[in-house]
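Q: This is the structure, below, for whatever I ask next.
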Amino acid sequence: MALAAAVLGLAVPAAASADWSPGVELDTGVGVTGLTVDPSGSRIVGARGSAKKRVNTRLMGVQADGSPGALRTLSGLIQDPVMYDGTGLVWARQKPMGTVKRTVPDGKGGTKSLTLTNYRLGVSVGKTASAELGVQRSHGTAVLDEPAQIAGNAKGSVVMAWSDVGDDGVVRVYASWRKGDAKAKTVRLGKPKKISTSKSSRLLAVAAGAGGRAVIVYQVGATDKTRRLYVRSLSMGRDELGKPQTLRRGGPGFPAATASIGGKGRAVVAWGEQDAATERTKPYVVRATTRDTDKVRFAVPKPIDNGGTAVRAPGGALVSTVDGAGRPTVAWNQQVGSVSDGTAHDIPRVAEGEATGPLGTPRDIAAAGRIHAITSSDKTGATGLVLVREQERPIGGSNGDRGVAVQAAFRPAGGTLGTPETIDQFTDEQLLDRSNAFGSAAIGALPDGRFTVAWTRAVIVKGKLRASALYSDRTAAP
């Protein structure tokens, strides 16, 4: 097979780890953006690709037995869906309704006029392997500065939040929600409620957990002195929105944030801080806070990473989860090394906590690489983390930030995160061709306790760059 592939000019995948099934290609010309698993074991992989100068969303279904399902292409970007009543998915929908003019601050003390898209917001109920979306149930319009975010739980509680650029140019955060209702045939969200104050705001993260509990993280202000970071708690079941709690006063900027909720409201919030200049002048600092239940406030945030070299923002993602025992895990990437000798690269880090109290001491989990996604298994209580391992030292003229392997690491119930396992990798010879690399990745928990991973591989086929989306399942629960 390898000889035939070589003769035909096809890409030959590296051998999978013994703990993982061989990678199955779902589609080509796209990059993986997310992965959602339903209680039957069916899953849907989200990806993005471009055609005719237009960025499209590709939905790729996978059957419960692991075989490829339906493919569907849509225009625009759709966020990952959330589970709904154990049988379907809820998608956040935003339909363009034309453009509007807005006069907004230019960041220099003046204003500027922008032409922005006005969207009709809503949700729809769909399926996994068949890549169905269902009819959109609308609940209002908004001029979005970023895509809306959605969160929910298996009981059908759903919250959707977004940032709306108002007629006066002020950006405000709004949210709509509904409590779980097994008798409802459709999902309709309630009337939007304003989350932020009258100052310009930006939505950063939304999370939902058991009992309809949720948290919304957002910033207000746009300068080092006026910027504030807030979190608000929400009980969808009681239709109660808590008061804002200040997490941070001032700061160079909040380029990323994450939030997760476990049982009884046990929660973690973490965020990165760094200036937004092209050449960063300040290091990337990560701060975090936890609470034990939704009856108490979040603790005073503490820095869990004081930063490294101030070259650029690290790649990958800042992610978190809280397992069934209430143990939080936060993972992120930090920029280390030196620009002068060409060793600057990203390094993946993790901080773990127990059922109560703060996060523990952070640690590196690989010499180089980028975190992409994290999830916890309801079956075993284990946490799975997927990363793309990168080059610690440049190879063949590379700048050292190309993916050399797709890996996953696991935190068993009652334990700590283990050494990453390799799912797919390139050889040094393949990496000498700078077009061979791995890109984004996503991870999901299967109902039997195993984990599944989807990722992007880019190789040269017949002289042309070929990106493909693949997936693999762990052969046993970790």
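The values are calculated or read from the model by the stated rules, or taken from the named source; none is laboratory data. Everything numeric here is computed off the predicted structure, so don't read it as measured data. Here the Cβ positions follow ideal geometry from the backbone for every residue, glycine too, while neighbour counts run over all protein chains shown. What goes into the accessible areas is simple: the full protein's heavy atoms, side chains included, and nothing from ligands, DNA or RNA. Shrake-Rupley method; radii C 1.70, N 1.55, O 1.52, S 1.80 Å.
Q: Net charge within 12 Å of LEU234 by Cβ-Cβ distance, Lys/Arg positive one each and Asp/Glu negative one each, not counting LEU234 itself?
A: That sum, taken over residues with Cβ under 12 Å, equals +4.
Q: Something else about it: So which aspartates and glutamates pass the test for LYS282, namely a Cα distance under 19 Å, with those fewer than 8 places away in the same chain ruled out?
A: Filter leaves ASP224, GLU273, ASP305, ASP346.
Q: Would you work out what percent of the accessible area of the chain, with all protein chains in place, is carbon or sulfur (probe 1.4 Å)?
A: So the carbon and sulfur contribution to the accessible surface is 51 percent.
Q: Mind checking the full-extension length gain between VAL24 and ARG466? Use 0.36 nm per residue of separation minus the Cα-Cα distance, one decimal, nm.
A: This chain segment gains 157.6 nm when fully extended.
Q: Report, in listed order, any pair from LYS155/LYS183; LYS108/LYS193; LYS179/LYS199 with a Cα-Cα distance greater than 19 Å.
A: Table pairs above 19 Å Cα-Cα are LYS108/LYS193; LYS179/LYS199.
Q: Using a Förster radius of 41 Å, what is the FRET efficiency between SER113 and ARG72 based on their Cβ-Cβ separation? Nearest 0.05, please.
A: It comes to 0.65.
Q: How high is the FRET efficiency from THR475 to ASP106, r the C-beta distance, R0 60 Å, rounded to 0.05?
A: 0.60
Q: Also, quick follow-up: Can you pull the three principal axis extents for the Cα set of region 368-478, in Å, largest first?
A: Taking max minus min along each principal axis of the Cα atoms, region 368-478 gives 45, 27, 18 Å.
Q: Moving on. Keeping every protein chain present and rolling a 1.4 Å probe, give me the accessible area per residue for the chain in Å².
A: Ligands and nucleic acids excluded, the figure is 43 Å² per residue.
Q: Let me know the shape class of region 417-478, please: from the alpha-carbon gyration tensor, a ≥ b ≥ c as square roots of the eigenvalues, rounded when a/c is under 1.5, otherwise prolate if a/b is greater than b/c, or oblate.
A: In terms of gyration-tensor shape, prolate.
Q: Could you give the dipole magnitude of region 14-141 about its Cα centre, charging the beta-carbon of Lys and Arg +1 and that of Asp and Glu -1, in debye to the nearest 20?
A: 1080 debye
Q: Apply 1/(1 + (r/R0)^6) to the Cβ-Cβ distance of THR419 and THR197, taking R0 = 41 Å, and write down the FRET efficiency to the nearest 0.05.
A: Once the sixth-power term is evaluated, E becomes 0.35.
Q: Only loop residues by DSSP count here, and only those with at most 14 other Cβ atoms within 10 Å; note down the trypsin sites (Lys or Arg not before Pro) in region 252-343 that meet that. Before the final figure, lay out each step's value.
A: Working: sites: LYS264, ARG266, ARG280, ARG287, ARG291, LYS295, ARG297, ARG312; in loops: ARG266, ARG280, LYS295, ARG297, ARG312.
Here the trypsin sites (Lys or Arg not before Pro) that fit, given the DSSP loop and packing criteria, are LYS295, ARG297.
Q: Using 0.36 nm per residue of separation minus the Cα-Cα distance, give me the extension gain between VAL300 and ARG120 in nm, one decimal. Could the numbers behind the result be given before it?
A: Working: separation 180, 0.36 × 180 = 64.80 nm, distance 3.82 nm.
Here the answer is 61.0 nm.
Q: Just the ratio, please: alpha-carbon radius of gyration of the chain over 2.2 N^0.38 Å, N its number of residues.
A: That ratio works out to 0.95.
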